[in-house]
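Structure first, commentary second.
The values are calculated or read from the model by the stated rules, or taken from the named source; none is laboratory data. Just so we're clear, the structure is a prediction, and the values are computed from it rather than from any experiment. Positions of Cβ are backbone-derived with ideal geometry, glycine not excepted, and every protein chain shown enters the neighbour counts. In case anyone asks, the SASA skips ligands and DNA or RNA and just uses the protein heavy atoms, side chains included. Shrake-Rupley method; radii C 1.70, N 1.55, O 1.52, S 1.80 Å.
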Amino acid sequence: MSKISITADNLEDFARGAAFLGTGGGGDPYIGRMLAHAAIKEFGVPEVITADELDDDDLVLTAAMLGSPPVLLEKACCGEDMDLAIHKLEEHLGRKAKAILPIEIGGVNSTLPIMAAARLGLPVIDADGMGRAFPELQMVTFNVYGCSATPLVVTDEHMNSVLIEADSGPRAEGLVRATAIQMGLSVMISSFPLIGRQVKDFAVHGTLTLALGIGEAIRKGRLEGDPVAALVAYLKTTPYYNHAKTLFDGKVVDLKRETTRGFSIGHCHLEGLDDASRRMEVTFQNEHLVARENGVTRAIVPDLICMVDRETGEPIPAEHLRYGQRIQVIATSAAPIMRTPEALAVFGPRQFGLNEDFVPIEDMQ
Amino acid sequence: MRIGVDVGGTNTDAVLLDGEKVLSWCKKSTTPDVESGIVAALTHVLDEAAIAPGKIQCVMIGTTHFTNAFVERRHLLPVGVIRIALPAARALPPLMDWPADIAEAVGEHVHLVRGGYQYDGRINAELDEEGVRTAARALSARGLRTVAITGLFSSVNSDMENRAAEIVREEMGEVSISLSHTIGRIGILERENATIMNASLADLAVSVVRSFGKALKQLDISAPFYISQNDGTLMSAEFVERYPVLTFASGPTNSMRGAAYLSGVKDALVADIGGTTTDIGMLVNGYPRESSVTVDIGGVRTNFRMPDVLAVGLGGGSLVLETDGGVSVGPKSVGYRLLQDGRVFGGGTLTTTDVAVAAGYADIGDKAKVASLGTDLVSAAVAKIHAIVAEGVDRMKTSGKPVPLILVGGGAVLIRDEIAGTSQTIVPDHAGVANAIGAAIAQIGAETDKVVSYEEIGRDAALKLAKEEAMAKAVEAGAVAGSVEIIDIEEVPLAYVPGGAVRVRVKAAGRLDFTNGAA
């Protein structure tokens with residue numbers, strides 16, 4: 001794999017690719033892109049390394065922000081709060097981090113690690129813990145394969161910090177939420193401290209390269225005339241996202257949404273542009289979960305289901321879906337490590353209340 | 001009796017209204033000094049209706065002047081930028097995503113000060129009054145005359161911004177001060193951008209508002225005048241001097257509001273067909289539906305109250321070309337050269353207007369010049385024109401149900417047949433000056449935007465409080481108390497927040513009180 005570099009010049013491509021991998025959720029990557037941009041301007045371009053370059057025993061720490069999306073739009077971090085989360089965890093563990101790892105590549109948390117790495121002068125690893133976005137802390141490969149979410153550190157811009165040690169992923173999630181509320185719903189978090197061996201074994205690799213590649217494909221596709229075709233063609237050349245296809249080309253004819261348990265749950269109905277008898281329903285809980293055509297499942301979580309503007313290829317976040325939009329629904333395979341029985345027990349269809357088993361996209365019609 | 005004026009980039013339109021009745025109207029060219037174009041238009045409508053200037057009770061003006069100035073980077077002042085948010089958002093400095101030329105025009109006089117609130121109005125950090133004072137002194141020393149102040153969560157609690165303004169005034173004297181809570185919504189970067197844009201227009205605002213005043217004075221019109229803002233409500237002249245940015249995108253709003261007024265239909269789609277583009281929007285209860293996404297103006301990201309408008313490349317000057325597969329229409333247009341280049345006007349370019357004449361939809365120019373066009377070509381072009389509008393209409397609809405379509409603008413003659421997905425097509429009288437009508441009928445309005453806890457006081461009580469606050473604000477702004485209505489309520493539950501925290505936006509508007517010239 002050739003080395004990439006994420007700079008002020010290609011951040012927009014990178015963030016657009018990350019929005020695609022956010023599969024409708026993951027938060028507006030704009031603020032994250034601005035934070036990374038400002039950090040690169042001040043501290044320079046961070047080095048991107050592959051997991052192979054780590055020693056098995058190297059300490060690797062993750063960097064992310066967590067909070068309520070409207071609050072994140074107003075109360076951004078100060079930067080030092082990100083540094084503090086890493087430093088407090090280093091202090092607790094009694095050793096220094098060798099690199100920063102994104103916990104999720106989809107949405108706003110794709111760019112936060114770029115900011116953290118630039119600020120701290122550490123390399124960022126070309127990998128993450130899901131190769132997409134998910135709504136809950138424990139929905140990550142590291143949890144699936146036995147790495148603990150804790151100890152973790154949550155910080156705010158006042159340089160308050162809370163160290164959490166918990167006996168399970170869901171418990172850690174609950175404690176983090178409670179802390180975030182007290183801190184004003186916009187916090188920095190470093191969870192899942194890992195060693196190099198764990199990153200090599202359990203991360204989804206090459207996802208920074210992937211996000212950048214997706215963004216570049218869309219941009220170049222626009223110049224050549226068909227960004228969606230360019231995007232799908234690019235995905236087919238990638239190691240695990242190669243079972244990519246356009247599931248549907250249609251327009252939004254109905255949209256129902258509700259907010260339950262703090263999650264935005266919705267159903268988007270599409271009608272075929274060329275054939276009005278073709279119907280697709282995409283169900284989402286923050287991220288898109290399942291796409292069904294005339295009642296038949298065509299793609300299901302943890303495989304990725306993304307909605308893009310049919311003309312520009314721009315990924316459309318679930319909160320911006322609207323009646324009348326012309327959309328292409330693109331689905332692609334998740335990494336093999338995301339599709340094992342252990343993984344499906346954590347973020348398979350049934351974990352989202354869907355009453356069916358996972359079937360890989362390449363085995364569906 | 002009142003006059004509505006629309007000062008566009010090309011035309012200055014005016015209408016004279018007596019109650020609900022249009023007495024006279026006209027279209028004149030916009031002049032570089034603005035003033036003489038307005039004088040010409042007003043003179044025309046007064047003379048035609050034989051009305052004495054003293055009878056005019058009120059003049060309402062819609063203008064794209066400030067938008068154009070910002071987009072073209074003309075007449076912009078360097079701005080003192082004060083952000084009250086530390087320690088939050090230090091990693092996201094002001095002006096960072098502005099195009100270089102415009103960032104340079106407003107200068108980089110940025111001061112970050114400690115202070116601000118939490119999402120629920122609790123204090124996040126106490127205001128550093130000395131910090132504001134020091135910043136003001138530095139800005140004063142640099143000779144700046146306009147200051148933009150943005151506080152963290154000021155849309156929830158504006159006290160610190162107001163206090164900072166007092167301090168700035170103490171230190172800098174009579175400078176122009178723009179406060180973010182009066183301009184934008186939650187979203188610190190976008191609100192701050194809009195506030196800085198506003199501050200940069202401070203001088204231009206004063207001179208344009210004065211030239212409006214001079215035009216009226218020259219005609220002996222002593223009535224107060226108002227300027228329309230992007231949500232279809234009015235601002236007093238003094239208010240616009242302070243908040244010119246709120247006029248951004250008022251043009252489409254005025255034409256949609258005018259369409260609602262002229263047709264008497266409050267829930268409908270509106271297509272404003274101009275020379276080059278057609279703006280399609282959705283009227284909900286007589287007001288344009290707002291855009292939910294951020295809007296770039298001159299390359300700067302904002303979260304203004306903007307009408308959600310889809311512009312498609314179809315107008316009266318759009319080129320009609322024969323192709324292998326049939327015919328193509330637009331998006332290229334002869335634009336303002338239609339009167340020279342169009343076939344019916346003796347030119348050599350086939351336009352949509354020529355097609356409309358050939359099809360018998362319109363009687364403009366010399367019909368004989370298009371008599372030789374093949375009927376196949378004409379009917380294919382007509383079908384294409386209708387298909388373009390139909391697709392735009394379908395994109396803007398909020399549900400599958402057919403809704404009425406109101407056509408306004410000079411290009412309304414292009415459409416005669418039914419448009420798919422609509423229940424009827426309405427072309428009201430005076431459709432060509434719907435934008436000036438929209439300015440004339442604009443109301444006085446106000447908005448509240450805050451995060452409230454439904455669990456604490458219950459949804460009904462929380463909404464009631466928000467509605468009362470919005471209505472009181474509208475009356476304060478000059479609306480007749482009994483006429484104020486709630487025109488929009490938006491509730492956004494905050495994910496991850498316990499206690500039923502909901503962001504509530506309420507907008508109220510009412511008839512302008514002519515009697516005391518309030519606001």
Turns out the helices (runs of 4 or more DSSP H) fully within the stretch A:177-266 with at least 1 residues that are open to solvent by 50 Å² or more (accessible area, probe 1.4 Å), in contact (Cβ under 8 Å) with a residue 60 or more places away in the chain and over 26 Å from residue A:155 (Cα atoms) are A:196-202, A:207-224
How many residues of the stretch B:103-127 are away from chain A (no Cβ under 14 Å) and out of contact with any helix residue (DSSP H, G or I) (no Cβ under 8 Å at 6 or more places or on another chain)? The answer is 2
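Residues are listed down the side, and each one gets a yes or a no for (1) surrounded by 15 or more Cβ atoms within 10 Å (Cβ to Cβ); (2) part of a loop (DSSP other than H, G, I, E, B); (3) modelled with pLDDT under 90; (4) in contact with a strand residue (DSSP E or B) (Cβ under 9 Å, 6 or more places away or on another chain):
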site	(1), (2), (3), (4)
A:283	yes, no, no, yes
A:292	yes, no, no, yes
A:299	yes, no, no, yes
A:306	yes, no, no, yes
A:322	yes, yes, yes, yes
A:334	yes, yes, no, yes
A:346	yes, no, no, no
A:354	yes, yes, no, yes
A:357	no, yes, no, yes
In the set B:147, B:175, B:156, the lone residue that is β-branched (Val, Ile, Thr) and out of contact with any Ser or Thr (no Cβ under 9 Å at 6 or more places or on another chain) is B:156
Check your understanding: Quick one: is residue A:123 more than 10 Å from chain B (Cβ to nearest Cβ), open to solvent by less than 10 Å² (accessible area, probe 1.4 Å) and under 18 Å from residue A:10 (Cβ atoms)?
Key -> no
If we take the stretch A:62-166, then helices (runs of 4 or more DSSP H) inside it with 2 or more residues that are of a type in the set (Ser, Thr, Tyr), within 20 Å of the chain's Cα centre (by Cα) and at pLDDT 95 or above are none
Answer with yes or no whether residue A:330 is open to solvent by less than 30 Å² (accessible area, probe 1.4 Å) and modelled with pLDDT of 95 or more.
yes
Residue set B:245, B:240; condition under 22 Å from residue B:33 (Cβ atoms) and crowded, with 23+ Cβ neighbours inside 10 Å; output residue B:240
Per the list (1) within 13 Å of chain A (Cβ to nearest Cβ); (2) assigned to a helix (DSSP H, G or I), residue check on residue B:137 breaks on (1)
Exception for residue B:439 within (1) more than 14 Å from chain A (Cβ to nearest Cβ); (2) assigned to a strand (DSSP E or B); (3) touching an Asp or Glu at 6+ places or on another chain (Cβ under 8 Å) falls at (2)
Of the residues in the stretch A:148-165, those that are within 14 Å of chain B (Cβ to nearest Cβ) and either closer than 13 Å to residue A:62 by Cα or not aliphatic (A, V, I, L, M) (or both) come to A:154, A:155, A:156, A:157, A:158, A:160, A:161
For the stretch A:1-21, pairs from a residue that is free of Cβ contacts under 8 Å to residues at least 40 places away in the same chain to a residue that is of a type in the set (A, V, I, L, M) and open to solvent by 10 Å² or more (accessible area, probe 1.4 Å), with Cβ under 9 Å and 6 or more apart or across chains, are A:7/A:40; A:7/A:45; A:8/A:40; A:8/A:45
Of the residues in the stretch B:425-476, those that are polar (S, T, N, Q) and under 30 Å from residue B:59 (Cα atoms) come to B:435, B:443, B:448
Per the filter on the stretch A:32-44, residues open to solvent by less than 20 Å² (accessible area, probe 1.4 Å) and out of contact with any Gly (no Cβ under 9 Å at 6 or more places or on another chain) are A:34, A:36, A:40
Of the candidates B:79, B:132, the one satisfying the condition of being away from every other protein chain (no Cβ under 14 Å), crowded, with 19+ Cβ neighbours inside 10 Å, under 25 Å from residue B:181 (Cβ atoms) and more than 26 Å from the chain's Cα centre (by Cα) is B:132
For the stretch B:15-37, pairs from a residue that is within 18 Å of residue B:51 (Cβ to Cβ) to a residue that is surrounded by 17 or more Cβ atoms within 10 Å (Cβ to Cβ) and among the polar types (S, T, N, Q), with Cβ under 7 Å and 6 or more apart or across chains, are B:16/B:24; B:28/B:11; B:28/B:12
Result of the Cβ filter at 7 Å on the stretch B:272-299, keeping first residues that are on the phi > 0 side of the Ramachandran plot and partners that are of a type in the set (Asp, Glu) and open to solvent by 20 Å² or more (accessible area, probe 1.4 Å), at least 6 apart or interchain, is B:285/B:267
The correct count of residues that are without any contact (Cβ under 8 Å) to a residue 12 or more places away in the chain and away from chain A (no Cβ under 14 Å) in the stretch B:372-398 is 5
Those residues of the stretch B:423-464 which are surrounded by fewer than 21 Cβ atoms within 10 Å (Cβ to Cβ), modelled with pLDDT under 80 and touching a Ser or Thr at 6+ places or on another chain (Cβ under 8 Å) amount to B:449
Among the residues of the stretch B:364-416, the number that are open to solvent by less than 30 Å² (accessible area, probe 1.4 Å) and of a type in the set (D, E, K, R) is 2
Quick count over the stretch A:51-76, residues being away from chain B (no Cβ under 14 Å) and hydroxyl-bearing (Ser, Thr, Tyr), is 1
Within the stretch A:233-257, the residues that are hydrophobic (A, V, I, L, M, F, W, C) and within 14 Å of chain B (Cβ to nearest Cβ) are A:252, A:253, A:255
